[in-house]
Amino acid sequence: MNWCNDSQVYTRFYNGLSILFPAWEKAFVSVAKHHLASLHDKELSQRLDQFIKEELAHASAHEAYNARAGLTQEANFEFDKASIIHRRPGNKLWLGAMVSIEHLAACIGRMILDLHGNCSGREHKLFAWHSREEIGHKDLAIDLWRSLGYSDADLRAIARQNQAYVIKFIVVYTLKGVSFKRLKDWTDLAHWSWHMTTKVFIPMLKIYLPNFHPNKVDDSRYLEIPA
């Protein structure tokens, strides 16, 4: 795949995200299904059921993207890492990981929609659709976490670990595949770094604030599908 006006930086960024998506979307589906079986809150159960359907659709779409882009083998390494979640989906650690990564995914979704949400083309539309749905269910995981009586202190401890993994993967994967032989590569890096910092890294830190909840950010404009 070649993204965004021949940008090596953004091509690597989007490919890196797509490598992560299928394995971790399916892992979080496993976590959601485990908790769905014992939920008594009808409204939360309905939201969780919708979340499962959306995550499976995302995983399937990105598996197809990865096949087109020649990324399947790299994506399979992530399936190996995520397999531990499927063995014990009820572990609080994995629900905490789901909460923090869903928050991170919403932050990344805002960046994608701000930069490329109105772009045409099959691949741009895939990531825009995925971003809107991540933002649309940004509150589901934290609401499930709190319905089970788990603490914010535990959530913050879990978030530090798994968000660091995702961020390191994205940054390293993006940078290691760029030749930096053109001025454009350096200007794209500066552009990407600025937006990652202001739209992803800094907003992501809100999860460490007291009484964090994703709905404190008004994302209504991101959920509107362009005509």
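FYI, it's all coordinate maths here, none of it is from the lab. Predicted model only: the values in this text are computed from it and were never measured. Positions of Cβ are generated from backbone atoms using ideal geometry, with glycine treated the same way; all protein chains shown enter the neighbour counts.
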Checklist entry - For Asp114, Asp218, Asp188, what's the fewest-to-most ordering of other Cβ within 10 Å of each Cβ? => result Asp218, Asp114, Asp188
Checklist entry - What is the local net charge at Met98, summed over the other residues whose Cβ is closer than 11 Å to its Cβ (Lys, Arg +1; Asp, Glu -1)? => result -2
Next on the checklist: To test your reading of the geometry: what angle, between 0 and 90 degrees and rounded to tens, separates the Cα axis of helix 72-87 from the longest principal axis of the chain?
Outcome noted: 10
Item to check | Shape box of the stretch 86-203 [Cα atoms, principal axes, largest first, Å] | outcome: 52, 28, 27
Checklist outcome for this item: Between the alpha carbon centres of the stretch 36-72 and the stretch 115-140 the gap in Å comes to 15
Next on the checklist: Beyond a 29 Å Cα-Cα separation, which of these cross-linked pairs lie in this structure: Lys42/Lys138; Lys125/Lys176; Lys42/Lys81; Lys138/Lys168?
Outcome noted: Lys42/Lys81
Next on the checklist: How much length would be gained if the chain were fully extended between Lys184 and Asn118, taking 0.36 nm per residue of separation minus their Cα-Cα distance, in nm to one decimal?
Outcome noted: 21.5 nm
Checklist entry - Expressed as a whole percent, how much of the Cα-Cα distance distribution for the stretch 50-91 exceeds 15 Å? => result 56
Next on the checklist: From the Cα trace of the stretch 1-107, what convex hull volume per residue do you get, rounded to a whole Å³?
Outcome noted: 106
Checklist entry - Where does each of His40, His62 land when they are ranked from fewest to most other beta-carbon atoms within 10 angstrom? => result His40, His62
Checklist entry - Within the P(r) computed for the stretch 125-193, what percentage of the Cα pairs occupies the region above 19 Å? => result 61
Checklist entry - Using a basic spin-label model with each label point 7 Å from the Cα along Cα→Cβ, how many nm lie between Lys168 and Ser60? => result 3.4
Checklist entry - Along the Cα-to-Cβ line of Gln73, 7 Å from the Cα, sits a label point; which residues in the stretch 1-40 have backbone N less than 20 Å from it? => result 1-2, 12-13, 15-23
Item to check | Leu148 paired with His40, simple spin-label distance in nm, labels 7 Å along Cα-to-beta-carbon | outcome: 1.7
Item to check | Largest-first ellipsoid semi-axes for the stretch 87-151, taking √(5λ) over the Cα gyration tensor eigenvalues, angstrom | outcome: 29, 11, 8
Checklist entry - Which number do you get for Rg(Cα) / (2.2 N^0.38 Å) in the stretch 8-223? => result 1.00
Checklist outcome for this item: Here the relative contact order (percent) of the stretch 8-223, from C-alpha pairs under 8 Å and at least 6 apart, is 31
